[in-house]
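Data block below; observations after.
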Amino acid sequence: MISISHKAKQLLVLLIKLLIVGCALYFIYNQLAHNDKLNWVLFLEKFNKNKSVLGISFILLLSILNRFFEILKWQNLVSYIYRITLFDSTKQVLGALTAGLFTPNGIGEYAGKALFFEKSQAKNIVFLNLICNGIQVIISVIFGVFGLLYLGYGKWVVLLLVVILGFFALGFGLKKVKIKGYSIEKILSKINEIPKRIHRKNNYLAVCRYLIFSHQYYFLFLAFDVQLPYFTLMATIATVYFLASSLPTFQFLDFVVKGSVAVYFFGLFNVNEWIVVFISTLMWFLNVVLPVLIGSYYVLNFKLKWKT
């Protein structure tokens, strides 16, 4: 077995840190600077017309609250194993977000969080992160189904429910089948091992977070003079988030996917394409780019706990 010296190991960790942060910053710059669908002239005209210190502060506050509730969710779930401070939870969430920026569906986030803990707890941390993200997906599905129903896509909802029930039936039939030592039955058993109070708080925080970022989307449309009834706008937002979340993508392309889906659905209500694209980009910038910039600091100052 090849032995790596302490200095060589430190250099390797430093290079990995710089690679993660460098790639993250490059992808952010590339998407903002070379997206031909972003009309900066129209945006500046609209911004100068509607600019408001109070309005901008409110939108930024929603971004802070969005990520804050995610941090609270993680702190709550990890309390099942360790009691961590809010600051530790912040480091882990933002650092992992940075690491997962250019991986499919943020898979790198799972490894990123695991590295903040002892190696013996890696599987448990990945499992808890799966629950943390899973409840957010479930909330998006629930609101998305109501959104589709409100917009008159009842047939699609029926088809969706049939597919979901089919998966449940398949899962029930194969619940004892093991893949790499794991089965659906074992996973459900592990979920039930977590105290109900933690699950209840996790569900509550996930709903709060969903309402925060969906209403941030709503208020941005109002800022761009999109005049649609509240429930129509919220139903469309819920539908877009649900369908976009169902598609495999990279975090750094998140606004492209959501933007493409949003353009179609908002186009049905004659909302200008550039407004939809810009709002999707702003949502990405406020809720992904800004946290990643902060997370980059935590990545660069990260100290590996795993011992080899």
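The values are calculated or read from the model by the stated rules, or taken from the named source; none is laboratory data. The structure presented is a predicted model; accordingly, all values stated were derived computationally and were not measured. Neighbour counts run over all protein chains shown; Cβ positions are idealised from the backbone, glycine included. Heads up: the accessible areas ignore ligands, DNA and RNA and are worked out on the full protein's heavy atoms, side chains in. Shrake-Rupley method; radii C 1.70, N 1.55, O 1.52, S 1.80 Å.
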Has the range 294-303 got any residue that is open to solvent by 30 Å² or more (accessible area, probe 1.4 Å), closer than 23 Å to SER214 by Cα and among the charged types (D, E, K, R)? no
For the range 65-89 the number of residues that are free of Cβ contacts under 8 Å to residues at least 60 places away in the same chain and not in a loop (DSSP other than H, G, I, E, B) is 9
For the range 109-142 the number of residues that are acidic (Asp, Glu) and either more than 16 Å from PHE302 (Cβ to Cβ) or surrounded by fewer than 16 Cβ atoms within 10 Å (Cβ to Cβ) (or both) is 1
Here the residues within the range 251-274 that are surrounded by fewer than 22 Cβ atoms within 10 Å (Cβ to Cβ), among the aliphatic types (A, V, I, L, M) and either modelled with pLDDT under 75 or assigned to a helix (DSSP H, G or I) (or both) are LEU253, VAL256, VAL257, VAL261, VAL263
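Do you know which residues across the range 219-229 are buried (at least 17 other Cβ atoms within 10 Å of the Cβ) and either of a type in the set (S, T, N, Q) or assigned to a helix (DSSP H, G or I) (or both)?
LEU220, PHE221, ALA223
Using the structure shown, decide if LEU130 is hydrophobic (A, V, I, L, M, F, W, C), more than 27 Å from LYS190 (Cβ to Cβ) and modelled with pLDDT of 85 or more. Break it down into steps so the answer makes sense when it comes.
Details: hydrophobic (A, V, I, L, M, F, W, C): yes; more than 27 Å from LYS190 (Cβ to Cβ): no; modelled with pLDDT of 85 or more: yes.
Answer is no for this residue.
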Out of (1) modelled with pLDDT of 85 or more; (2) out of contact with any helix residue (DSSP H, G or I) (no Cβ under 9 Å at 6 or more places or on another chain), the one LYS51 does not meet is (1)
**Asked** In the range 150-159, is there at least one residue being open to solvent by 100 Å² or more (accessible area, probe 1.4 Å), modelled with pLDDT of 80 or more, more than 30 Å from LYS123 (Cα to Cα) and out of contact with any helix residue (DSSP H, G or I) (no Cβ under 8 Å at 6 or more places or on another chain)?
**Response** yes
- prompt: open to solvent by 30 Å² or more (accessible area, probe 1.4 Å) and modelled with pLDDT under 85, is that true of PHE69?
  reply: no
All-but-one check, GLY106 against (1) open to solvent by less than 30 Å² (accessible area, probe 1.4 Å); (2) part of a helix (DSSP H, G or I); (3) not hydrophobic (A, V, I, L, M, F, W, C), failing number (2)
